[in-house]
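So the structure is just underneath, and the comments pick up after that.
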Amino acid sequence: MAVYLMRFSYTPATWSKLIQNPEDRRNAARAYIEQVGGTLLGFWYAFGEYDGYALFEAPDNVSMAGAVLAIAAGGALASVETTVLMTVEETLQALAKAKGVGYRRPGESPAT
């Protein structure tokens, strides 16, 4: 399964609701990802650009996108950003494939 890092920020209204009624949102995140066959690997709050981070495992990009779209459509988030994470082994495979790609910079003539 693929691993995904989700960064999110709550709206001010969401923070207000959580202050009035504190809730462990890990349980909600776990339930959402499990509905698409995935797993919650971790959930953290933070200072900075994003309010929180979640690490998910999902069967594929479509499944993860479905979960994120459903979460984003709920209206509690001001922003959400998801990144597909690659293992070291996948990166090594990508580096090996890169050797065979004949890239040329814009404006340079093709190799002959």
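The loop-placed chymotrypsin sites (Phe, Trp or Tyr not before Pro) in region 10-112, going by DSSP, that have at most 10 neighbouring Cβ atoms within 10 Å of their Cβ come out as 47, 103.
Over all orientations, the chain has a Cα convex hull whose mean projected area works out to 10.2 square nanometres. Residues 3, 84, arranged from fewest to most other Cβ atoms within 10 angstrom of their Cβ, appear as 84, 3.
Here the label points at residue 44 and residue 91, each 7 Å from Cα along the C-beta direction, are separated by 1.7 nm in the simple model.
All of the numbers you see were taken from the coordinates with simple rules; none came from a lab. These figures come from a predicted structure and were not determined experimentally. Cβ atoms come from the backbone with ideal geometry, glycine included; neighbour counts cover every protein chain shown.
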